[in-house]
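Read the structure below first, then the notes.
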Amino acid sequence: MPDNVRITSRANSTPPDGTLVAADDVGGVAYQIVKIDLGGDGVSLPLIANESTGAITTVDFEHHEIYSGRHYYIEDIVEIAAAHVYDIQFTTADTELRAYLKFSLNCEAETEWYIYEDASIVTAGTLLVPINNNRNSVETTDMVLGGIANASVALANDDTPVAGATLIAHGIVGAGKTGREIERNREIILKQDTIYCIRLLANTQGYTNFNINWYENITA
């Protein structure tokens, strides 16, 4: 089949009469080019094949957001004495973007954790600077995060009141409970312009390594 063969369509049909059909000449054989994509309703989402292998390449959405420069994390280690508290305060942006959050904790000793929504901040903690997973990106997040330590739950409530907040998650990790590590793989889609608090309460003195990561996108 030669390149750009004219095909004849019926009257008032699509494609119209005389439409050109593209073809590639490979070793004297003409192969018609077929476009494959996942689009619909006028939107084209082409499938991309690897140039050397021809394999179709796909990534999950979170991985895509890393490439796009909209995926961030904070990670640190804190030592928490018995009955002491470390609060991670974070305020989401007042924009159309929503944060899709995951977290993990690795605790040397038994530690309870809480996530509060609609908390308050009386004393802002030390600023925690988010890192963009894509080190080539100049994108930044509008979410503001801070960490603050206190010697008791009562003192923690003075700095980060949670009496009027909603407890949306609670657990315990460490020796004799769920092991030394917990990871939440299911995303929490955070509310717009809202204060959250991840509270760590050490039942036994020890070190806690925390990782909080999220990407930002418009909720469908």
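Each reported figure results from applying straightforward, stated rules to the coordinates on display, with no laboratory input. Keep in mind that what you see is a predicted model, and the values were worked out from it rather than measured. Heads up, the Cβs are rebuilt from the backbone with ideal geometry, glycines too, and the neighbour counts pull from every protein chain shown.
Tabulated values for the structure
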{"item": "For the range 72-218, alpha-carbon Rg relative to the globular expectation (2.2 N^0.38 Å, N residues)", "result": "1.00"}
{"item": "Full-extension gain in nm, E187 to V122, via 0.36 nm per residue minus C-alpha separation", "result": "20.6 nm"}
{"item": "Label-point gap, in nm, between D158 and A175 - each point 7 angstrom along Cα→Cβ", "result": "3.1"}
{"item": "Residue-count net charge about N217 - beta-carbon cut-off 15 Å; Lys, Arg +1, Asp, Glu -1", "result": "-4"}
{"item": "In Hz, Karplus ³J(HN,Hα) per residue of the range 205-216 (6.51, -1.76, 1.60; θ = phi - 60°; x = Gly, Pro)", "result": "4, x, 8, 10, 9, 10, 10, 10, 9, 7, 10, 10"}
{"item": "Simple spin-label estimate for I77 and T194 in nanometres, 7 Å along Cα-Cβ", "result": "3.3"}
{"item": "Under 9 Å, Cβ to Cβ, from R70 - net charge with Lys/Arg +1 and Asp/Glu -1", "result": "-3"}
{"item": "T166-N209 FRET efficiency (beta carbon distance; Förster radius 41 Å; 0.05 resolution)", "result": "0.95"}
